[in-house]
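Peer 1: Take a look at this one; I'll ask things after.
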Amino acid sequence: MNLLEVREITKNYGDKTVVDQISFEAQAGQILGLLGPNGAGKTTAIRMIMDITVPDSGEIWFTADGNRTAGVPRHAIGYLPEERGLYRDAKIVPLLVFLAGLKGVEPETARRRALEWLERFELQNYANAKVEQLSKGMAQKVQFIAAVLHEPKFIVLDEPFSGLDPVNQELIKTEIRNLAARGAVVLLSSHQMNIVEELCDQIFLIHRGQKVVSGTLRQIKESYGNFRVYIETEAGIEQFTKLPGVADVNRLSESRWMLNLQDGTAPAKFMKAVPDSVQIDELQIMRPSLHDIFVKVATGGENQ
Amino acid sequence: MNNTFKIAKWEVMRNLTNKQFIIGLLLTPLIMIAFIAFPILIERFNKPADVVYQVVDQVGILPLLQDMMPEHITLKPSSDQAAAEKLVQEGEADGYLLLEPQFLSTGHAQLYYDSSNQEVFGALSSALTLVLQQQRLAESQLEQAQLAYLTQAAFLESIAIDEADAPNFHKITVSAVAIVVIYILIFSSGSMLMMSALQERRDRMAEVILSSVRASDLMRGKIIGHFLLGVIQLTFWTALALPAVIYFTDFPVMEALAAANLPLILFFGLLGYLLIAALFIGVGATMEDVQQAGNSQGLVIMLPALAFLFVGPVIQNPNGAVSQFASYFPFTSWVIIIIRDAFSALPTWQIGLSGAILIATTILISLMAAKIFRVGMLMYGKNATPREIIKWLRYKER
């Protein structure tokens with residue numbers, strides 16, 4: 001069942017169309033990656049879904065506890081914006097209780113959950129500290145807690161990993177998976193493609209306000225086509241370039257090469273054609289990475 | 001409404017536990033006391049120095065003059081000009097007055113001085129004038145009674161035909177104090193309100209809050225919260241000031257409050273506050289920081305002070321054209337109506353019309369501020385230009 005349905009939302013500022021007829025759906029438990037170059041319209045789209053700004057046209061539907069409503073109810077939203085901060089002079093637990101209170105959580109419940117979360121993030125010693133006493137990474141974890149303390153059904157995380165060290169990145173990744181496993185929809189916007197590949201079930205890529213490609217990671221990689229072959233060999237590349245199905249060759253270093261296969265060339269077909277006598281130190285056959293697809297879209301705007 | 005209340009409560013609690021707010025709360029009365037005490041202290045320490053002037057009195061009025069001098073000015077007789085001048089040069093006197101025999105006919109005298117002293121000049125000048133007049137009247141050989149009769153001053157008594165129109169000192173005092181209090185409320189809590197809108201953007205909290213509450217709720221909550229903070233401040237200060245007023249002065253506080261038109265003061269004061277609060281929060285939402293506030297924003301901040309320009313003309317001519325205008329113009333009316341009502345009872349229809357215009361303007365400004373607030377809160381990184389603000393006002397929300 002679809003928890004979130006976004007139907008052809010559009011937003012114009014003056015005569016500039018910032019978001020142009022975007023539609024997508026998300027089911028409970030899904031992590032959806034919303035990708036796009038800077039200025040593609042991601043933040044505007046997110047703000048419209050959360051009713052911070054109103055779309056010029058289009059509809060947003062949300063289903064919770066069997067009720068289908070127009071727009072996502074505010075108490076169901078958890079939001080970690082990209083431009084983030086906290087009241088610098090506020091104390092952490094009262095601030096978290098206040099923010100959860102705006103979502104309708106009773107102060108006692110909010111306080112208990114806040115302390116649990118702080119402990120999970122090893123911030124229990126800062127419960128009574130002021131925000132200005134926190135390091136950047138700590139503040140970011142507190143912001144994450146603020147976004148999820150009220151156990152929202154729909155969580156929007158805009159660049160949740162920027163500025164975090166690898167240990168904390170893992171911590172946040174685990175929590176995001178847990179939130180999805182408990183039935184929330186997570187909308188994740190990030191430029192860290194490796195993390196998006198790792199976490200997201202569905203990916204939605206926009207450019208200049210329009211949808212470029214969407215689907216599961218596999219679907220996107222398939223639609224963005226051809227396999228590539230990474231080869232490390234001392235034997236000389238000529239033996240490979242003559243093989244059927246090879247489109248072009250890029251030299252990465254003295255003995256490392258990247259071959260692009262032609263559209264429709266299956267890896268097995270390529271492998272069968274490789275002579276037994278050829279010496280191979282290392283060989284990988286892979287789809288283009290999400291990073292490559294993103295760069296292709298952002299620079300060429302290619303739409304297949 | 002529930003969220004409005006939560007925001008208001010948060011703003012109140014956050015400030016009440018904020019060091020700056022508490023310091024301000026305690027420091028302001030001290031500053032007020034300093035302002036009152038400072039002139040008194042200056043007066044005490046700045047006692048004028050004693051001065052000595054020689055008088056070459058060829059008329060015979062020195063005793064009369066000395067009687068009219070303040071304590072620190074001593075007049076001493078000198079036999080002639082040369083003797084007087086010698087004493088001045090020796091530093092025994094600060095100057096000398098030459099009164100020649102023809103003074104009573106010409107009215108002409110000379111003051112020679114070492115260093116100029118305006119106070120002595122003024123004191124001697126008016127004393128001489130008085131003596132001259134007395135001497136000349138005495139020369140006219142009139143009886144003492146006739147003299148008194150001739151020099152009697154007129155006494156003009158003013159009596160209001162309708163008792164309600166009579167200026168009531170207590171009522172005027174309470175109204176004046178009320179206006180000062182409203183201004184303190186506006187400038188202290190109004191500027192805090194503006195800072196709070198600005199801080200929401202500076203701390204990058206606006207988006208998170210707006211994903212939980214509507215912009216209008218956030219704005220209302222802030223206005224109510226800071227109004228309550230202002231009231232808390234004023235209550236605290238009043239609690240300090242009232243016993244002092246009762247103890248040190250014999251002003252009958254309760255009697256004066258009973259004489260004042262409190263409902264009118266509360267009504268116009270509150271509306272005035274709401275109007276200015278909406279303006280300030282709207283402006284706050286367009287600014288990234290105070291230092292970079294543009295001219296247009298500065299003008300809006302000055303708007304509450306506009307009423308001051310009208311106070312003088314209104315008191316001089318409470319029913320003139322300027323008064324009429326200022327009574328209906330919503331950015332001055334909330335002060336002017338209180339002032340006019342303090343001096344003479346106003347027709348009910350005038351109060352009603354002025355109130356209606358003020359309410360309508362307050363609603364209009366609040367709606368505009370809400371629109372500006374809604375867009376402005378999400379604009380990070382710069383102060384908005386007037387052109388952008390006009391564009392925001394035109395955005396249509398479904």
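Peer 1: I'm checking my understanding of the structure. Among residues of the range A:181-194 that are among the aliphatic types (A, V, I, L, M) and surrounded by fewer than 21 Cβ atoms within 10 Å (Cβ to Cβ), which one is farthest from the chain's Cα centre (by Cα)? Break it down stepwise before answering.
Peer 2: First, the residues of the range A:181-194 that are among the aliphatic types (A, V, I, L, M): A:181, A:184-188, A:193.
Among the residues that remain, those that are also surrounded by fewer than 21 Cβ atoms within 10 Å (Cβ to Cβ) are: A:181, A:193.
Numbers: A:Ala181: 16, A:Met193: 8 Å.
Residue satisfying both the conditions and the ranking: A:Ala181.
Peer 1: Which condition number in (1) touching a residue at least 24 places away in the same chain (Cβ under 8 Å); (2) within 27 Å of the chain's Cα centre (by Cα) is the one that B:Asn317 fails?
Peer 2: The one condition B:Asn317 does not meet is (1).
Peer 1: Turning to a different aspect of this structure: How many of the residues in the range B:221-240 are open to solvent by 50 Å² or more (accessible area, probe 1.4 Å) and closer than 17 Å to B:Thr28 by Cα? Spell out the reasoning first.
Peer 2: So the first thing to find is which residues in the range B:221-240 are open to solvent by 50 Å² or more (accessible area, probe 1.4 Å), and the list is B:224, B:227-228, B:231-232, B:235-236, B:238-240.
Among the residues that remain, those that are also closer than 17 Å to B:Thr28 by Cα are: B:231-232, B:235-236, B:238-240.
Here the count works out to 7.
Peer 1: Another question, then. Out of all the residues in the range A:167-176, is one or more crowded, with 21+ Cβ neighbours inside 10 Å, within 12 Å of chain B (Cβ to nearest Cβ) and modelled with pLDDT of 90 or more?
Peer 2: no
Peer 1: A:Gln279 is checked against (1) open to solvent by 30 Å² or more (accessible area, probe 1.4 Å); (2) touching a His at 6+ places or on another chain (Cβ under 6 Å) and fails just one. What number does that condition carry?
Peer 2: For A:Gln279, the failing item is (2).
Peer 1: Taking the range A:89-119, which residues are away from chain B (no Cβ under 14 Å) and in contact (Cβ under 8 Å) with a residue 12 or more places away in the chain? If you could, list the steps in order and put the result at the bottom.
Peer 2: Quick first cut of the range A:89-119, residues away from chain B (no Cβ under 14 Å) only: A:108-109, A:111-119.
A:Arg111, A:Arg113, A:Ala114, A:Leu115, A:Trp117, A:Leu118, listed by residue number.
Peer 1: Assuming A:Glu82 fulfils every condition listed in (1) outside any loop (DSSP other than H, G, I, E, B); (2) within 11 Å of chain B (Cβ to nearest Cβ); (3) of a type in the set (D, E, K, R) apart from one, which condition is it?
Peer 2: (1)
Peer 1: Continuing with the same structure: Identify the single condition in (1) in contact with a Phe, Trp or Tyr (Cβ under 9 Å, 6 or more places away or on another chain); (2) open to solvent by 40 Å² or more (accessible area, probe 1.4 Å) that B:Pro77 does not satisfy, given that it satisfies every other one.
Peer 2: Among (1) in contact with a Phe, Trp or Tyr (Cβ under 9 Å, 6 or more places away or on another chain); (2) open to solvent by 40 Å² or more (accessible area, probe 1.4 Å), B:Pro77 violates only (1).
Peer 1: Somewhere in the range B:243-252, is a residue surrounded by 21 or more Cβ atoms within 10 Å (Cβ to Cβ) and assigned to a helix (DSSP H, G or I)?
Peer 2: Keep residues of the range B:243-252 that are surrounded by 21 or more Cβ atoms within 10 Å (Cβ to Cβ), which gives none.
Within the range B:243-252, not a single residue is surrounded by 21 or more Cβ atoms within 10 Å (Cβ to Cβ) and assigned to a helix (DSSP H, G or I).
Peer 1: Collect the residues in the range A:207-239 that are under 17 Å from A:Phe270 (Cα atoms) and either of a type outside the set (A, V, I, L, M, F, W, C) or in contact with a helix residue (DSSP H, G or I) (Cβ under 9 Å, 6 or more places away or on another chain) (or both), keeping them in residue-number order.
Peer 2: Of the range A:207-239, the ones under 17 Å from A:Phe270 (Cα atoms) are A:225-233, A:237-239.
Passing the criteria: A:Gly225, A:Asn226, A:Phe227, A:Arg228, A:Val229, A:Tyr230, A:Ile231, A:Glu232, A:Thr233, A:Glu238, A:Gln239.
Peer 1: Output the number of residues of the range B:351-384 satisfying the condition of being modelled with pLDDT under 75, open to solvent by 20 Å² or more (accessible area, probe 1.4 Å) and either touching a Phe, Trp or Tyr at 6+ places or on another chain (Cβ under 6 Å) or not charged (D, E, K, R) (or both). Reasoning before the result, please.
Peer 2: Within the range B:351-384, the first condition is being modelled with pLDDT under 75, and the residues that meet it are B:379-384.
From the residues that got through so far, the ones that are open to solvent by 20 Å² or more (accessible area, probe 1.4 Å) too are B:379-383.
Keeping just the survivors that are either touching a Phe, Trp or Tyr at 6+ places or on another chain (Cβ under 6 Å) or not charged (D, E, K, R) (or both) gives B:379-381, B:383.
Qualifying residue count, the range B:351-384: 4.
Peer 1: Select, from A:Thr216, A:Thr241, the only residue that is on the phi < 0 side of the Ramachandran plot, assigned by TED's automatic domain parsing to the domain that holds A:Gln30 and out of contact with any Phe, Trp or Tyr (no Cβ under 7 Å at 6 or more places or on another chain). Reasoning before the result, please.
Peer 2: Working: A:Thr241 fails: assigned by TED's automatic domain parsing to the domain that holds A:Gln30.
Exactly one of A:Thr216, A:Thr241 is on the phi < 0 side of the Ramachandran plot, assigned by TED's automatic domain parsing to the domain that holds A:Gln30 and out of contact with any Phe, Trp or Tyr (no Cβ under 7 Å at 6 or more places or on another chain), namely A:Thr216.
Peer 1: OK, next. Evaluate the following for A:Asn67: is it more than 19 Å from A:Gln210 (Cβ to Cβ), open to solvent by 50 Å² or more (accessible area, probe 1.4 Å), more than 20 Å from the chain's Cα centre (by Cα) and polar (S, T, N, Q)?
Peer 2: On the way: more than 19 Å from A:Gln210 (Cβ to Cβ): yes; open to solvent by 50 Å² or more (accessible area, probe 1.4 Å): yes; more than 20 Å from the chain's Cα centre (by Cα): yes; polar (S, T, N, Q): yes.
For A:Asn67, the condition - more than 19 Å from A:Gln210 (Cβ to Cβ), open to solvent by 50 Å² or more (accessible area, probe 1.4 Å), more than 20 Å from the chain's Cα centre (by Cα) and polar (S, T, N, Q) - is met.
Peer 1: Got a number for residues in the range A:128-150 being over 22 Å from A:Glu83 (Cα atoms) and modelled with pLDDT of 90 or more? Outline the logic, then answer.
Peer 2: Applying the first criterion (over 22 Å from A:Glu83 (Cα atoms)) to the range A:128-150 yields A:128-129.
Imposing the further condition that a residue be modelled with pLDDT of 90 or more reduces the set to A:129.
Counting residues in the range A:128-150 that are over 22 Å from A:Glu83 (Cα atoms) and modelled with pLDDT of 90 or more gives 1.
Peer 1: Tell me which residues, restricted to the range A:195-236, are closer than 30 Å to A:Val274 by Cβ, touching a Leu at 6+ places or on another chain (Cβ under 9 Å) and open to solvent by 20 Å² or more (accessible area, probe 1.4 Å).
Peer 2: A:Glu197, A:Leu217, A:Lys221, A:Asn226, A:Phe227, A:Arg228, A:Tyr230, A:Glu232, listed by residue number.
Peer 1: Further question on the same structure: Go through the range A:115-170 and count every residue that is part of a helix (DSSP H, G or I) and not polar (S, T, N, Q). Steps first, please.
Peer 2: As a first pass, look at the range A:115-170 and keep what is part of a helix (DSSP H, G or I): A:115-120, A:124-126, A:131-133, A:136-148, A:166-170.
Cutting the leftovers down to not polar (S, T, N, Q) gives us A:115-120, A:126, A:131-132, A:136-139, A:141-142, A:144-148, A:166-167, A:170.
Looking only at that region, the number is 23.
Peer 1: Oh, and also: Among the numbered conditions (1) at pLDDT 85 or above; (2) within 33 Å of the chain's Cα centre (by Cα); (3) aromatic (Phe, Trp, Tyr), tell me where B:Tyr112 comes up short.
Peer 2: That leaves (2) as the condition not met.
Peer 1: Considering each of B:Glu143, B:Glu139, B:Glu92 in turn, give the residue that is at pLDDT below 90, under 15 Å from B:Val56 (Cβ atoms) and surrounded by fewer than 18 Cβ atoms within 10 Å (Cβ to Cβ). Break it down stepwise before answering.
Peer 2: Working: B:Glu143 fails: under 15 Å from B:Val56 (Cβ atoms); B:Glu139 fails: under 15 Å from B:Val56 (Cβ atoms).
It is B:Glu92.
Peer 1: Where residues in the range B:253-280 are over 22 Å from B:Gly352 (Cβ atoms) and at pLDDT below 85, which of them is most open to solvent (accessible area, probe 1.4 Å)?
Peer 2: Only one residue fits best here, namely B:Met254.
Peer 1: Any chance you could count how many residues in the range B:116-149 are more than 17 Å from B:Leu75 (Cα to Cα) and small (Gly, Ala, Ser)?
Peer 2: Summing the residues that are more than 17 Å from B:Leu75 (Cα to Cα) and small (Gly, Ala, Ser) in the range B:116-149 gives 4.
Peer 1: Please work out which residue is surrounded by the fewest Cβ atoms within 10 Å (Cβ to Cβ), limiting yourself to the range B:1-18 and to residues that are at the interface with chain A (Cβ under 9 Å from one of its Cβ atoms) and either basic (Lys, Arg) or in contact (Cβ under 8 Å) with a residue 24 or more places away in the chain (or both). Break it down stepwise before answering.
Peer 2: Filtering the range B:1-18 down to residues at the interface with chain A (Cβ under 9 Å from one of its Cβ atoms) leaves B:2-3, B:6-7, B:9-10, B:13-14, B:17-18.
Narrowing the set further to residues that are either basic (Lys, Arg) or in contact (Cβ under 8 Å) with a residue 24 or more places away in the chain (or both) leaves B:3, B:6-7, B:9-10, B:14.
Values: B:Asn3: 21, B:Lys6: 19, B:Ile7: 25, B:Lys9: 16, B:Trp10: 23, B:Arg14: 20.
The qualifying residue surrounded by the fewest Cβ atoms within 10 Å (Cβ to Cβ) is B:Lys9.
Peer 1: Is it the case, given these coordinates, that A:Val19 is within 25 Å of A:Glu159 (Cβ to Cβ) and without any contact (Cβ under 8 Å) to a residue 40 or more places away in the chain?
Peer 2: Numbers: within 25 Å of A:Glu159 (Cβ to Cβ): yes; without any contact (Cβ under 8 Å) to a residue 40 or more places away in the chain: no.
The answer is no for A:Val19.
Peer 1: Let me ask something additional. Restricting attention to the range B:198-213, report how many residues are more than 35 Å from the chain's Cα centre (by Cα) and facing chain A (nearest Cβ under 8 Å).
Peer 2: At the first step, the residues of the range B:198-213 found to be more than 35 Å from the chain's Cα centre (by Cα) are B:203-213.
Remaining after also requiring facing chain A (nearest Cβ under 8 Å): B:203-205, B:207-213.
Counting residues in the range B:198-213 that are more than 35 Å from the chain's Cα centre (by Cα) and facing chain A (nearest Cβ under 8 Å) gives 10.
Peer 1: Hey, can you tell me all the residues within the range A:247-270 that are surrounded by 11 or more Cβ atoms within 10 Å (Cβ to Cβ) and of a type in the set (Gly, Ala, Ser)?
Peer 2: Matches in the range A:247-270: A:Ala247, A:Ser255, A:Ala266.
Peer 1: Out of the range B:19-61, which residues are open to solvent by 100 Å² or more (accessible area, probe 1.4 Å) and within 14 Å of chain A (Cβ to nearest Cβ)?
Peer 2: Correct list: B:Lys19, B:Gln20.
The values are calculated or read from the model by the stated rules, or taken from the named source; none is laboratory data. Please read these numbers as outputs of a predicted model, since none were measured by experiment. All Cβ positions, glycine included, derive from the backbone under ideal geometry; neighbour counts span all protein chains shown. Areas reflect the complete protein model, heavy atoms only, side chains present, ligands, DNA and RNA absent. Shrake-Rupley method; radii C 1.70, N 1.55, O 1.52, S 1.80 Å.
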